[in-house]
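Every number here is computed from the coordinates shown, using simple stated rules; none is lab data. Values in this document were obtained by computation on a predicted structure and should not be read as measured data. Heads up, the Cβs are rebuilt from the backbone with ideal geometry, glycines too, and the neighbour counts pull from every protein chain shown.
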């Protein structure tokens, strides 16, 4: 019997929001990304092993990590 399994990284864009950037101080759009690591079996995702969120400022490009609780508070 042959089993083909592995790990796959998936990045998904979530709805962002306008906010004041702590780095550049401008009120601009911030983009939210979900980074998920998935276990695959026969090249099909079966189980999500980890998940993290990052928010990026559209003006200066600063990337910050966001917890899942903060993401839920944003309404995404």
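From the helices alone, meaning DSSP H stretches of at least four residues, give me the mean residue ellipticity at 222 nm for the chain, per-run term -39500 (n - 2.57), in deg cm²/dmol to the nearest 500. Could the numbers behind the result be given before it?
Working: 1 runs with 7 residues, N = 76.
Using -39500 (n - 2.57) per qualifying helix, the result is -2500 deg cm²/dmol.
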**Rounded if a/c under 1.5, otherwise prolate or oblate - region 20-59, Cα gyration tensor axes** = prolate
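How do 1, 44 line up, fewest other C-beta atoms within 10 Å first? Please report the intermediate quantities before stating the final value.
Details: 1 2, 44 8.
Going from least to most buried by this count: 1, 44.
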**Prompt:** Got a sec? How would 8, 72 order by Cβ neighbour count within 10 Å, fewest to most?
**Reply:** 72, 8
**Message:** Report the Cα-based extents of the chain along its three principal axes, largest first, to the nearest Å.
**Reply:** 58, 23, 15
